[in-house]
Amino acid sequence: MARTLIANGHVICVDPARNIFSDGFIAIDGTDIVAVGPTAQMPPANTFDQVIDAGGCLVLPGLINMHQHHWYTLFKGLADGYLLEDWVANFLLPLSRQLGPEAMRVSSAIAAMEMLATGTTCSFNHSVTTTDAERLAASIEPQCELGIRQVYGKELRCKTPGNPDHPLSLEESLAAFEEEYRRWHGAHKGLARFGMVIESNAHWCAAGMSTEDLICRGYDLAKALDLRISTHIASGTFSLEKGFLKYLRETGRTDVRYLMQLGLLDRHWLLIHGIHNTELDLEQMASVGATLVYTPTSEAIRGGGITPAANASRAGINVALGTDGPMVDYSVDMVEQMKACMLMQHVRHLDPTRISAERALEMATINAAKALGLENEIGSLEVGKRADIAVFDLRKPYIGVLHRPLSNFICAGKGSDARVVLVNGEIVYRDGKFTRSSDTDRLSAEAERIGARLIEQAGLSHRFVPAWRS
């Protein structure tokens with residue numbers, strides 16, 4: 001396999017020592033990093049098959065997006081003005097009913113392209129639809145083909161009072177899930193991994209979509225397979241009529257408290273959003289090692305609130321960042337999320353010290369790797385780890401004078417400043433081109449055609465009209 005040298009870059013390792021090499025190198029042999037250090041210690045360039053000159057560039061661990069819904073990319077730009085509950089009822093559900101394998105496959109490729117082009121090398125893809133074997137393959141394979149790493153969170157659903165048309169009983173759903181796990185976990189040289197989605201929040205339980213038996217049996221299977229479980233919690237509007245307070249009043253417990261009462265909450269859980277988490281919720285999450293996934297711009301665009309991410313981090317919770325799907329807030333740029341994380345936490349606390357640029361980067365790299373149980377493989381630039389690396393060009397007028405390159409980049413740069421992206425030691429994106437595909441223009445045109453057709457079928461064509469407001 002190829003030996004690759006990244007030379008002359010500003011290398012931020014996010015390793016345990018938090019090493020930074022202002023003029024540094026990374027040596028790669030096949031899929032793995034074999035050396036990292038200052039340029040003075042760099043091996044001879046002629047001993048490598050290829051050399052990437054990272055002069056004027058920031059070299060980071062590949063960014064990890066901990067909350068993505070890939071097919072949302074077909075419907076960007078159409079959800080302005082919706083509160084979360086209205087967005088779900090009037091936008092998400094009508095569109096999800098239109099999806100077929102073709103839409104899942106094309107949107108998966110487009111999602112992978114957008115992530116790679118902004119420096120993301122891994123995502124947790126949280127399924128919100130019912131996926132059979134064909135739709136599952138259509139969701140996973142295109143991303144593997146483009147070379148991005150993905151943990152696919154397959155939904156666990158079955159026939160319930162709120163989901164009477166589901167074709168499978170709980171026993172059958174558990175068996176089908178395990179069969180797909182065997183097929184996909186570790187496939188494509190480890191680029192594909194499996195996770196589980198169990199919607200355990202009060203909204204889903206009240207609607208009869210999830211049951212206590214489903215949650216408990218699903219947890220048992222995920223624990224036996226050592227899989228991460230993703231669930232949306234404590235989000236939505238602060239409303240007595242249709243939002244978070246409605247269900248809190250009806251049940252008398254928070255979503256975190258429910259999982260604690262069931263005896264299930266532990267390190268396997270990825271708790272998404274958590275806007276309305278209480279201090280007791282945070283203490284309980286910290287005590288069992290659960291992860292909080294913070295999606296700052298998603299929460300902001302729906303007017304939902306600001307997650308207590310800084311307090312969670314201070315309480316000892318592993319906090320990671322995600323974007324949500326791009327028909328929520330339209331972007332999966334993880335650089336944007338790092339900046340928004342800093343700004344929104346400072347506004348929440350009226351304190352500009354709550355989240356530093358360095359802490360935000362940890363949330364988008366090593367913390368996310370820990371959340372996935374992959375911290376020994378990815379999330380930092382260390383010898384022996386997979387070479388998942390993003391090289392960003394700092395020579396942009398809007399990034400400016402580089403006194404503290406990381407702060408400059410997070411606060412003034414963009415994900416689209418990605419110049420070279422490697423996954424498993426392979427260059428998969430370079431200077432605007434995807435090395436595994438020359439068909440990107442056709443894919444983009446096809447995605448636009450499919451998206452427009454499905455919007456018409458869902459009866460949502462009125463969303464194409466701009467809504468000027470006085």
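The values are calculated or read from the model by the stated rules, or taken from the named source; none is laboratory data. Quantities reported herein were computed from a predicted structural model and do not represent experimental measurements. No Cβ is skipped: glycine too gets one built from the backbone with ideal geometry, and neighbour counts run over all protein chains shown. Ligands, DNA and RNA are stripped out before the accessible areas are found, and what is left, the full protein with its side chains, is counted by its heavy atoms. Shrake-Rupley method; radii C 1.70, N 1.55, O 1.52, S 1.80 Å.
Using modelled amide H (1.01 Å from N, peptide plane; none on Pro or chain starts), what sits under 5 Å from the amide H of W269, excluding residues fewer than 5 places away?
Long-range HN contacts for W269: I229, T291.
What figure in square angstrom, to the nearest 10, would you give for the accessible area of E358 with a 1.4 Å probe?
Per-residue accessible area (E358): approximately 80 Å².
Relative to the longest principal axis of the C-alpha atoms of the chain, give the angle of the C-alpha long axis of helix 212-225, reported between 0 and 90° and rounded to the nearest 10°.
Value to nearest ten degrees: 30.
How large a share of the accessible area of segment 160-226, in percent, is made up of carbon and sulfur atoms when the probe is 1.4 Å and the other protein chains stay in place?
51 percent
Rg over Rh of the chain, using C-alpha atoms and the Kirkwood radius, what does it come to? Don't skip to the answer; put the middle values down first.
Details: Rg = 21.6 Å, Rh = 22.6 Å.
Radius of gyration over Kirkwood radius for the chain works out to 0.96.
Taking N as the number of residues in segment 334-470, what value does Rg over Cα atoms divided by 2.2 N^0.38 Å take? Present the calculation step by step, with values, prior to reporting the outcome.
Details: Rg = 19.4 Å, N = 137, 2.2 N^0.38 = 14.3 Å.
Working it through for segment 334-470, the quotient is 1.36.
Specify which residue in the list L60, Q98, C122 is farthest towards the positive end of the charge dipole of the chain, using unit charges on the beta carbon of Lys, Arg (+1) and Asp, Glu (-1), about the Cα centre.
Farthest towards the positive end: L60.
Rounded, prolate or oblate: which fits segment 243-320 when a ≥ b ≥ c are the square roots of the eigenvalues of the alpha-carbon gyration tensor, with rounded for a/c under 1.5 and prolate only if a/b beats b/c?
Working: a/c = 1.88, a/b = 1.08, b/c = 1.74.
Cα axes put segment 243-320 in the oblate bin.
Once the whole set of protein chains is in place, how much accessible area is left on R217, using a 1.4 Å probe, in Å² to the nearest 10?
Its accessible surface works out to 80 Å², give or take rounding.
Once you keep just the Cα pairs under 8 angstrom separated by 6 or more residues, what percentage relative contact order results for segment 30-188? Don't skip to the answer; put the middle values down first.
Numbers: 137 pairs, mean separation 33.5, N = 159.
Relative contact order for segment 30-188 comes out at 21 percent.
If a/c stays under 1.5 just call it rounded; otherwise compare a/b with b/c (prolate if a/b is bigger, oblate if not). Do that for segment 404-454, with a ≥ b ≥ c from the square roots of the Cα gyration tensor eigenvalues. If you can, show how the numbers build up before the last one.
Numbers: a/c = 3.51, a/b = 1.61, b/c = 2.18.
Taking the square roots of the gyration eigenvalues as a ≥ b ≥ c, segment 404-454 is oblate.
As a test of the formula, what do you get for the chain when each DSSP H run with n ≥ 4 contributes -39,500 (n - 2.57) and the sum is divided by the residue count, at 222 nm and rounded to the nearest 500 deg cm²/dmol? Could you put the intermediate results ahead of the total?
Working: 17 runs with 166 residues, N = 470.
The helix-only estimate for the chain comes to -10500 deg cm²/dmol at 222 nm.
Carbon and sulfur: what percent of segment 81-136's accessible surface (1.4 Å probe)?
Numbers: 950 of 1700 Å².
Solvent-exposed carbon and sulfur of segment 81-136 make up 56 percent of the total.
Order 301-310, 279-288 from most to least packed using the mean count of other Cβ atoms within 10 Å.
Result, highest mean Cβ count within 10 Å first: 301-310, 279-288.
Keeping all protein chains in the complex and leaving out DNA, RNA and ligands, what accessible area do you get for L372 with a 1.4 Å probe, in Å² to the nearest 10?
It works out to around 20 Å².
Which whole-number value in Å² is the accessible area per residue of the chain, probe 1.4 Å?
Working: 18070 Å² over 470 residues.
Per residue, the chain has an accessible area of 38 Å².
Return the percentage of antiparallel bridges among DSSP beta bridges fully within the chain, rounded to the nearest 5 %. Could you put the intermediate results ahead of the total?
Values: 30 of 65 bridges.
Given both bridge residues lie in the chain, the antiparallel proportion sits at roughly 45 percent.
Mind jotting down the distance between the C-alpha centroids of segment 299-362 and segment 98-175, whole Å?
Rounded to whole Å, the Cα centres lie 25 Å apart.
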